[in-house]
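Let me begin by presenting the structure, written as structure tokens, before commenting on it.
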Amino acid sequence: MRLLRSVLARACVALALVVTASIARADEFPNRPVKIIVQTAAGSSLDVMARLIAEPLAQVWGQQVIVINQAGAGGLIASRALAASAPDGYTLFLAGGSVFVVLPEVQHDLPFDVNEFVPIGFVSEQPYSLIVSNQLGVNSVPELIALSKSRPGGLDSAAGTRGGLQHMTVELFRSRSGAKLNMIHYPGAAQASTDVIAGRVPVMMQTIAPVAGIIAARQVKLLAIASARPLPNYPDTPLISDTLPGFASSGWEILVAPKGTPADIVQKINVDLHAVLTRPDVVKKIEDLGNYTRRPMSPQQLADFVRDERKTWGPIARQFAASGQ
């Protein structure tokens, strides 16, 4: 009996030490610079978003927050860099949605599993917008669908990088509406916008930020937005769901950590990120870019969100991968 009491006492002491160490670890984080990896080049919308949150996080933490650009291969290079990082909270990844909903479907030999990245917090979303050239002569989504069906060969549509969420959004619109749209892939919004303005490519699906200027200048026509609800700075613009019930598509970014990152560190970053994303000055800067921070989520809620997005986009991505387009 004396031996049992001794074993239990030692176990209780060990547990208390583990709990104390965990609390201390969270209280002391961070005590050195933190890196945020992004999957795109400097100056891209993801890069800009990373820098918008890096500065106020650095103020909260009293430590430098460094943005590291690991562009290429649809997020594969950045994902590989995160997977190889120490799971201590000092290397994070501001990942676009395509990393979770497209990359696993088109890359079947990944040396890591993106599903094992640890969700921290939702950062922002950018609903896609349906843009047409002024020369096309349509004023609504039903008119666009009808015209595409009536034209021999259909209409060309700028679809972004092959396999990205922008491309998948055009695929979803095409399958839901029956519109005859031919995919024209562009490496970026600037080149696509030039061709849409000129009327060489009459249709484009794009997030608001890269096209806000040409919309405001009336160089193109904003037909509708693929948001579940009207946007605060485009309150009178129709929604695609007015024509195709339930249709919604947004680019989104979430902050994740490597597999094995301690839960207390994850929770601290989540709380600090939420505090930053509710600051009025930060919200204004983000919304000025056509991004929206309206989804505060716990790590578990974020995991559920990503799972639901996979259910929506997985079949479309698999269809695309199988077609070899």
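Values quoted throughout were computed directly from the atomic coordinates according to the rules given, and no laboratory measurement underlies them. Only a predicted model underlies this, so the values are computations on that prediction, with no experimental measurement involved. For neighbour counting, all protein chains shown are included, and Cβ atoms are generated from backbone atoms with ideal geometry for every residue, glycine included.
Worth pointing out:
- In terms of other Cβ atoms within 10 Å, Met204, Met49, Met297 run from fewest to most in the order Met297, Met49, Met204.
- Where labels lie 7 Å past Cα in the beta-carbon direction, separation of Arg162 and Glu55 in nm: 3.9 nm
- Gyration tensor verdict on segment 127-242 (Cα atoms; rounded if a/c is under 1.5, prolate if a/b is larger than b/c, oblate otherwise): rounded
- Linear extension gain, Ile77 paired with Ser175, 0.36 nm per residue minus alpha-carbon span: 32.2 nm
- Scalar couplings 3J(HN,Hα) for segment 297-305, obtained by applying the Karplus form with A = 6.51, B = -1.76, C = 1.60 to θ = phi - 60°, are 9, 6, x, 5, 4, 5, 4, 5, 4 Hz; x denotes Gly and Pro.
- Per-residue extension of 0.36 nm, minus the Cα-Cα distance of Asp242 and Glu143, leaves a gain of 34.3 nm for this segment.
- Over 31 Å between alpha carbons, listed pairs Lys35/Lys221; Lys180/Lys221; Lys180/Lys284; Lys35/Lys285: Lys35/Lys221; Lys180/Lys284
- Shape of the chain, Cα gyration tensor, a/c cut at 1.5: prolate
- Per-pair calculated FRET efficiency, R0 = 25 Å: Asp308 and Ala263 via Cβ, rounded to 0.05: 0.65
- Judged by the gyration tensor of its Cα atoms, with axes a ≥ b ≥ c, segment 231-322 is oblate; a/c meets the 1.5 cut and b/c is at least as large as a/b.
- Restricting the chymotrypsin sites (Phe, Trp or Tyr not before Pro) of segment 223-325 to loop positions (DSSP other than H, G, I, E, B) with no more than 16 neighbouring Cβ atoms within 10 Å leaves nothing.
- Between Gly72, Gly97, Gly290, the GNM of the chain built on Cα springs shorter than 10 angstrom shows Gly72 fluctuating the most.
- Inter-label distance for Asp113 and Val271, nm, one decimal - labels placed 7 Å from Cα along Cα-to-Cβ: 3.0 nm
- Inter-label distance, nm, simple model (7 Å from Cα along the C-beta direction), Leu231/Glu287: 1.3 nm
- The C-alpha atoms of the chain define a longest principal axis, and helix 141-150 lies at about 60 degrees to it.
- Ranked by how many other Cβ atoms sit within 10 Å of their own Cβ, fewest first, the residues Lys285, Lys311 fall in the order Lys311, Lys285.
- Packing-based exposure ordering (other Cβ within 10 Å, fewest first) of Ile184, Ile240, Ile145: Ile184, Ile145, Ile240
- DSSP-defined antiparallel bridges as percent of all bridges, the chain, nearest 5: 60 percent
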